[in-house]
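The values are calculated or read from the model by the stated rules, or taken from the named source; none is laboratory data. Only a predicted model underlies this, so the values are computations on that prediction, with no experimental measurement involved. Quick reminder, even Gly has a Cβ in these numbers, built from the backbone with ideal geometry, and neighbours come from all protein chains shown.
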Amino acid sequence: MLALDLETIYPAHGPVIRNPKEKIGEYIAHRELRERQVLEALGDGGGPLDAMAIVKKIYVDYPEYLHAAAASSIRSHLKKLEREGRVVEHEKRWSLN
């Protein structure tokens, strides 16, 4: 999307985005941060973790009612990292590769 010459983005929810390149850059930076946090959580030496255990390490300042939605996002990160060969999954528990 960064390669497109956009002036405005109309998201499915939230306000119209009039600074697309800046906002997309923010989204990318946030996803990269979350990915680093997932890798750090797995590298803490606590052994393989399921998605909810990773959420509890990363989302410590978020209300618990948001954890289920956060776990869905974490699973997406884990699947991407698995495709890249950086993590492995065994019986719904994840570890560094």
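Annotations
- Total residues in the stretch 79-95, condition under 19 Å from Tyr27 (Cβ atoms) and either modelled with pLDDT under 95 or in a strand (DSSP E or B) (or both): 0
- Residue satisfying condition, being surrounded by 15 or more Cβ atoms within 10 Å (Cβ to Cβ) and either touching a residue at least 40 places away in the same chain (Cβ under 8 Å) or out of contact with any Gly (no Cβ under 8 Å at 6 or more places or on another chain) (or both), within set Glu32, Glu89: Glu89
- Qualifying residue in the stretch 71-78 (condition: touching a His at 6+ places or on another chain (Cβ under 9 Å), surrounded by 12 or more Cβ atoms within 10 Å (Cβ to Cβ), at pLDDT 95 or above and among the basic types (Lys, Arg)): no
- Scanning the stretch 45-70 for residues that are modelled with pLDDT under 95 and surrounded by 11 or more Cβ atoms within 10 Å (Cβ to Cβ) turns up just one, Gly46.
- For the stretch 41-51, the set of residues classified as touching a residue at least 12 places away in the same chain (Cβ under 8 Å) and either in a loop (DSSP other than H, G, I, E, B) or not aliphatic (A, V, I, L, M) (or both) consists of Gly43, Asp44, Gly47, Pro48, Asp50, listed by residue number.
- Filtering the stretch 54-65 to residues that are in a helix (DSSP H, G or I), without any contact (Cβ under 8 Å) to a residue 12 or more places away in the chain and within 14 Å of the chain's Cα centre (by Cα) leaves only Lys56.
- Options Pro11, Pro20; residue that is more than 18 Å from the chain's Cα centre (by Cα), more than 14 Å from Ile74 (Cβ to Cβ) and exposed (fewer than 10 other Cβ atoms within 10 Å of the Cβ): Pro11
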